[in-house]
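Data block below; observations after.
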Amino acid sequence: MASSCRRPEHMAPPEIFYNEEEAKKYSQNSRMIEIQSQMSERAVELLNLPEDQSCFLLDVGCGSGLSGDYLSEEGHYWVGVDISTAMLNVALDRDVEGDLVLGDMGEGMPFRAGTFDGCISISALQWLCNADKKTHSPPKRLYTFFSTLYSSLARGARAVFQLYPENSEQLELITSQAMKAGFSGGMVVDYPNSTKAKKFFLCLFAGVSANLPKGLGTESADKGVPSQVQFTGQRSRFKNMKGKSAKKGKDWVLEKKERRRRQGRYVKSHLSLIGIHFKPRYYI
């Protein structure tokens, strides 16, 4: 999970990176389409939906609708949310069957409580770990997203996120905010010993606790390479925090420094001390 300057989220904000040229790749590049379809199939498998039953699902970061195509093939109804107008336009041109919403996941999910039977997201969640604007606080944006998603899911539903974490600190940030929002669950790692095939899936449970599924390709995995990391949501412990970072932690220090900068006050840099090395049918 080493950092790389080639990571898309390091190049530009998602609404800029996924322009018309980039969006076309998701309808023309056969390799991209194949990979997206495979990850969508795995995410739906981890949702553990009732057999022979149509469900109403949310696709966060739906892009050009490739994941939605798989959902439709499986007989499910879906709503897709994405921040890129160019990607949604490709989805419209492809005449996908789901409804599309233009929106920033970091600002929360604008749906009524208990709307969805499940949620999937392919290659989108790691974007919330970046601060693309001065007003962006990754912990707060993650908490806003997870708390509103928790509300929009039916009790007992699951949310499965395929993501490309940059490092272990990023994974800890994501899972801690999911816990604060009330989710339980954990990380499922497919093919943990493979460099190319290794995939991370954050599997979250809303309102209930359950055993995590096994990662694929773990039968021959080394004992020192975990394929599961499970946590239990403790919503009551954080009920007074309202998405704030734990006091004296790294995120708390960063937020305090940012507040001082906005106030025009001098902020001494101690980066090493805090661990930084590093149709239209969509609705607003």
Among the residues of segment 27-55, write down those that are touching a Ser or Thr at 6+ places or on another chain (Cβ under 6 Å) and either aliphatic (A, V, I, L, M) or open to solvent by less than 40 Å² (accessible area, probe 1.4 Å) (or both). Ser40
Top-ranked residue in segment 76-103 [being open to solvent by 30 Å² or more (accessible area, probe 1.4 Å) and out of contact with any Gly (no Cβ under 8 Å at 6 or more places or on another chain); ranked as farthest from Asn29 (Cα to Cα)]: Leu102
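The values are calculated or read from the model by the stated rules, or taken from the named source; none is laboratory data. The structure presented is a predicted model; accordingly, all values stated were derived computationally and were not measured. Every residue, glycine among them, receives a Cβ derived from its backbone with ideal geometry; neighbour counts consider all protein chains shown. Note: areas computed on protein heavy atoms with side chains; ligands, DNA, RNA excluded. Shrake-Rupley method; radii C 1.70, N 1.55, O 1.52, S 1.80 Å.
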